[in-house]
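These notes concern the structure reproduced below.
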Amino acid sequence: MLKIDNLHAEIDGKRILNGLSLTVNAGEIHAIMGPNGAGKSTLAYVLGGRPGYEVTGGSVTFAGQDLLDLEPHERAAAGLFLGFQYPVEIPGVSNVQFLREALNAQRKARGEEPLSGGEFLKLAREKAGLLKLDMEMLKRNVNVGFSGGEKKRAEMVQMGILDPAFAVLDETDSGLDIDALRVVGEGINAIMRAENKGVLLITHYQRLLDVVKPHKVHILSGGRIVKTGGPELALQLEEEGYEAVAA
Amino acid sequence: MASASALSAMRPPSNRDEAWRYAPPTELEQLDESQLGWRSLSVAEGETEIETLIVRAGARASIQRVDVQLDRHARLATHVVCGSRNFARVEFRVRLAEGSHFELGGVTLGGGETTHEIVTHVVHAEPGATSSQVVRSVHWECGTGNFLGQIDVVRGAQQTDAAQDFKGLLLDKGASAHAVPQLEIFADDVKCAHGATVGQLDEMARYYMAARGVPPEVAKRLLVRAFIADAFVSVDDEKESERLLELALAALEGAEL
C-alpha cells in the first residue's frame, strides 16, 4: 500500500534521511521508533509534502501512485492522513468550517458529492463521541486554546471524519495522560484497523503500542531503518534502550 | 493670512501634507477640487445610525470624505469595504459630543499597483464618549494599504474610551502597508488604546490545511476571511456582516464589486 524505496531527504541542505526503505501492506500497522534526531518527524513531513523538505533520492509509491509527485492537498485527497506532532492553531477558523471544507474538497477531488451541513455535523458528532471530545470543542477555532491532550484527540477526530486509507501518525501519544492515551489508541484502532487500510505509527513509547498492537516495529536511526521486528522489538527497546538494540 | 489660507485650501493635497503622505503622488496630481469635498453626516441626540460604504472598482480615483457630528449619546457605526482597482481613500472627520459613540469597521483589499487608504480624525470633544476603529488591509502584487488614524481627546473630555486597531496582511513580496496612529490626549482620566501589526499568511496554517486536503486557494480564502472578520465583529446583523465579508472576499478573488 505504501512503499518507500531508498528515500533520501534534506532540510536546508542538511541530510536527514539516508536511504530509508519500508513497505506497509494494506491491513497492517507499523510502528517506527528511534532516538531523538533519527529523522522520524522528517519522514512524516516528507510523506506529507511539507514545503522545505526536499527529497534528493528514492521513491514513495502510495496506492499505485507516485506520492512525491502530488501536492500536499492532493496527497490528502488520495487518502493519506498526517497526524501532526504539534497540531497547528488557526485563529478565526472553526473546526467545523475547516473540516467541512477539507472533507468536501477531498470528496470533490474524488468525484463524490459534497456533504450537506446536517450530514457533516452528524458525522462530526459521531467521531467526536468516539474520541470523547466535547462537540462544543469542534465549534471553536482550530486548536486555539486546546490543551496538549485535546489537540491530539481533535487530531484523531479529524482523522475519523476524513476517513483516510493510510495514516502517518507522528507522536500522537506525546502529551497524553494515561486515560487519554487509551482513548486515542482505541480511536486509532476503531478508525484505522481494517484490511484495506494502513498505519505508520511514529512513537517513542511502548505504552501506545499496548493499545494499538503493531504488526511490525522498525527502528529508525541515522535516517534509515536499522532493524525490523515484531511487537517484541518494542518491548526489548523499552528494556535495553536504542543503543544496545540497534547496534 | 486670510489669503494664505485661501490659497492653501485651493492647493491640491501633496505628500508633504501629513494626512496624504502615503498617497501615490501621480494620483494626487490628477485630483481636482470637486473630488475633495466633505459630505456632512449628523446624528441627533440619542439616535443610532449605520453608514456603509462600498468602494467598488471604478474608472478613476475615489475619494470619499465624511464629516461626522455626533450629538449627545448619539451612535454611528460605519462599515467600509474597499475593493477598488484604483486609488481609493475613505476619510472620516468625527466630532463626538458627551456620551456618544463612533464605530468604524473597515477592510481594504487590492492588488496591482493600487493604493487604498482609510484616514480618520476622531475628536473626543466632550466627556464620556467612546470610539472603536478596527481596520484590516489585505494587499497583494504591488498593492498598498494605509491607515492614518488621529485621535484627539480635548481638555476636559474625561472618561473617554478610544481604541484603534490596525492589521495589515501582505500576500506578496511587493505589497506594503503603512499604519500611522496619532494620539493627542489633553485629559487625564481616559482610556486610549492603539495597535498596529503587519504580517503574512501563516505558512504552517496553510500547510496544515493542505495536509487535510484543502486546496491552496480555498485555504487562502479561509485565512483571509478569518483575518478580516475582526472588522465586522461588531455588526449586530449577522446577515449584513456575512454580506460584507463576501463582498470583501469577492474583491480578493478579483471580482468587480
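The values are calculated or read from the model by the stated rules, or taken from the named source; none is laboratory data. Keep in mind it's a predicted model, so treat the numbers as computed, not measured. All Cβ positions, glycine included, derive from the backbone under ideal geometry; neighbour counts span all protein chains shown.
Some points to look at:
- Close pairs from region B:142-166: first touching a residue at least 24 places away in the same chain (Cβ under 8 Å) and within 10 Å of B:Ala177 (Cα to Cα), partner surrounded by fewer than 19 Cβ atoms within 10 Å (Cβ to Cβ) and acidic (Asp, Glu), Cβ under 9 Å, at least 6 apart: B:Gly143/B:Glu113; B:Gly143/B:Asp172; B:Thr144/B:Glu113
- Condition met for B:Thr115 (surrounded by 24 or more Cβ atoms within 10 Å (Cβ to Cβ), at pLDDT 95 or above and touching a Cys at 6+ places or on another chain (Cβ under 9 Å)): no
- Leading residue by the ranking (farthest from the other protein chains (Cβ to nearest Cβ)) among those in region A:146-172 that are surrounded by fewer than 22 Cβ atoms within 10 Å (Cβ to Cβ) and outside any helix (DSSP H, G or I): A:Ser147
- Wholly enclosed strands (runs of 3 or more DSSP E) of region B:7-70 bearing at least 3 residues of a type in the set (S, T, N, Q): B:62-70
Table: residues versus (1) more than 30 Å from A:Leu123 (Cβ to Cβ); (2) assigned to a helix (DSSP H, G or I).
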| residue | (1), (2) |
| --- | --- |
| A:Leu181 | no, yes |
| A:Ile191 | no, yes |
| A:Glu195 | no, no |
| A:Asp210 | no, yes |
| A:Ile219 | yes, no |
| A:Val226 | yes, no |
| A:Ala234 | yes, yes |
| A:Leu237 | yes, yes |
| A:Glu243 | yes, yes |
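- Filter result (charged (D, E, K, R), away from every other protein chain (no Cβ under 14 Å) and not in a strand (DSSP E or B)) within region A:23-61: A:Glu28, A:Lys40
- Qualifying residue in region A:147-154 (condition: more than 22 Å from A:Val183 (Cβ to Cβ) and over 15 Å from the mean Cα position of the chain (by Cα)): no
- Within region A:121-144, being touching a residue at least 12 places away in the same chain (Cβ under 8 Å), outside any helix (DSSP H, G or I) and out of contact with any Leu (no Cβ under 9 Å at 6 or more places or on another chain) holds for A:Leu131, A:Lys132, A:Leu133, A:Arg140, A:Asn141, A:Asn143, A:Val144.
- Against the list (1) over 10 Å from A:Ile32 (Cβ atoms); (2) in contact (Cβ under 8 Å) with a residue 60 or more places away in the chain, the condition A:Asp179 fails is (2).
- Residue in region A:62-109 that is nearest to the other protein chains (Cβ to nearest Cβ), counting only those that are assigned to a loop (DSSP other than H, G, I, E, B), aliphatic (A, V, I, L, M) and under 18 Å from A:Asp163 (Cβ atoms): A:Ala78
- Meets criteria (modelled with pLDDT of 95 or more and in contact with a His (Cβ under 6 Å, 6 or more places away or on another chain)) for A:Thr61: no
- Among residues of region B:179-207 being assigned to a strand (DSSP E or B) and within 14 Å of chain A (Cβ to nearest Cβ), the one that is farthest from B:Tyr22 (Cα to Cα) is B:Gly199.
- When B:Ala193, B:Ala179 are screened for being surrounded by 17 or more Cβ atoms within 10 Å (Cβ to Cβ), within 21 Å of the chain's Cα centre (by Cα) and over 18 Å from A:Val93 (Cα atoms), only B:Ala179 passes.
- Count - residues of region B:74-120 that are under 16 Å from B:Gln64 (Cβ atoms), part of a strand (DSSP E or B) and not polar (S, T, N, Q): 21
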